[in-house]
Amino acid sequence: MKRRTFLEVSLAGAAGVLTDGLPKIIAAASTSKGEETFLLGGDVLVNRLGFGAMRLTGEGIWGWPPDRENAKKVLRRAVELGVNFIDTADAYGPETNELLIAEALYPYPKGLVIATKGGNTRPGPGQWVPDGRPEYLAQCVDKSLKRLKLERIDLYQLHRIDSKVPVEESLGALKNAQDAGKIWHVGLSEVTVAEIEQAKKVMPIVSIQNQYNITDRKSEAALNYCEKEKMGFIPWAPIGGSRNPSLHTTGNALEAEAKRHNVSVVQLALAWLLQKSPVILPIPGTSSLAHLDENMAAEKLLLSPDEWKKIEDLARKS
């Protein structure tokens with residue numbers, strides 16, 4: 001069942017408790033706020049509202065999640081709700097996140113895209129150290145393929161550019177993996193426009209994953225570049241996360257507007273992202289089934305141009 005159809009028939013039961021039925025949901029299938037899908041790299045079709053799996057780990061993004069069975073239920077529920085784009089990385093756990101996805105979802109349903117990343121090592125909980133050595137990245141690709149039980153990774157992202165290694169060398173390893181058929185498309189994470197252009201001299205880059213949300217827009221230039229070049233822009237922490245918790249605190253500037261729409265601030269922020277640009281592919285993550293349903297319901301929230309502008313102005317003042 002397609003996501004739109006599923007959400008329309010199940011939303012009242014799945015998320016209505018959280019949102020009083022989301023009165024701004026567009027019930028008629030003929031009404032649309034824009035494209036619900038995106039062609040990643042021109043040939044990989046993904047639904048624009050995906051799922052970020054990082055939170056399905058232990059504290060400090062370290063080890064297995066406290067409730068492993070619940071984590072698998074969250075992944076399966078995400079797919080039931082129409083998610084066909086799941087973002088992970090070998091550094092999440094490390095390794096456990098990729099293993100969990102395979103445990104929960106393999107054999108994978110047709111059309112499911114699992115995007116992973118390599119090039120960030122984990123000395124301990126909460127610690128991240130880039131490693132862009134070509135020989136290391138070559139191993140990362142092979143190990144991710146094995147953990148995920150994939151023959152090919154549709155989107156492999158360089159998790160961080162390593163300042164100690166020329167990016168041309170790091171990407172050279174990914175180009176070799178691409179030439180060998182191990183990966184299909186390549187993306188970058190946490191980069192500037194200048195770094196994107198430098199990377200594109202080595203190989204095609206189809207997506208950028210930078211931190212971005214309604215209250216944190218430091219990556220606006222990168223988003224504008226992606227829009228111009230028709231590249232996917234995958235905002236991590238699309239609803240704030242632990243580094244930017246303002247969307248989850250009471251008394252924030254958007255709270256009154258969310259109440260007026262009878263939705264949560266998180267839903268308002270996700271709807272704003274989806275209407276901000278057709279190349280934005282939000283990947284909200286959660287370990288809660290209830291929050292997952294709430295996040296996915298945000299796709300049906302339609303903001304008029306005036307409402308969108310009002311929310312934009314409120315967020316800029318916050």
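List of remarks:
- Selected residue (criterion: surrounded by the fewest Cβ atoms within 10 Å (Cβ to Cβ)) from residues of the stretch 186-233 that are β-branched (Val, Ile, Thr) and part of a strand (DSSP E or B): Val186
- Of the numbered criteria (1) open to solvent by less than 50 Å² (accessible area, probe 1.4 Å); (2) assigned to a loop (DSSP other than H, G, I, E, B); (3) modelled with pLDDT of 90 or more, the one Ser287 fails is (1).
- Residues of the stretch 101-134 that turn out to be surrounded by fewer than 18 Cβ atoms within 10 Å (Cβ to Cβ) and among the basic types (Lys, Arg), as a count: 2
- Enumeration of residues in the stretch 71-83 that are in contact (Cβ under 8 Å) with a residue 40 or more places away in the chain and either within 21 Å of Gly232 (Cβ to Cβ) or surrounded by fewer than 22 Cβ atoms within 10 Å (Cβ to Cβ) (or both): Lys73, Arg77, Ala78, Glu80, Leu81, Gly82, Val83
- Selection from the stretch 112-131 of residues that are under 23 Å from Leu174 (Cα atoms), part of a loop (DSSP other than H, G, I, E, B) and out of contact with any His (no Cβ under 8 Å at 6 or more places or on another chain): Leu112, Arg122, Trp128, Asp131
- You will find that of Ser277, Ser264, Ser304, the residue that is modelled with pLDDT of 90 or more and within 16 Å of the chain's Cα centre (by Cα) is Ser277 and no other.
- Filter pass, Trp62 being at pLDDT 95 or above and surrounded by fewer than 16 Cβ atoms within 10 Å (Cβ to Cβ): no
- Among (1) open to solvent by 10 Å² or more (accessible area, probe 1.4 Å); (2) aliphatic (A, V, I, L, M); (3) over 21 Å from the mean Cα position of the chain (by Cα), the one test that Leu137 misses: (1)
- Residues satisfying the stated conditions in the stretch 258-271, i.e. over 17 Å from Phe38 (Cα atoms) and either of a type in the set (Phe, Trp, Tyr) or open to solvent by less than 10 Å² (accessible area, probe 1.4 Å) (or both): Ala258, His261, Gln267, Leu268, Ala269
The values are calculated or read from the model by the stated rules, or taken from the named source; none is laboratory data. As the structure is a prediction and not an experimental result, all values here were calculated from the model. Glycine gets a Cβ as well: all are built from the backbone with ideal geometry, and neighbour counts include every protein chain shown. Quick note on the areas: whole protein, heavy atoms, side chains included, nothing else; ligands and nucleic acids left out. Shrake-Rupley method; radii C 1.70, N 1.55, O 1.52, S 1.80 Å.
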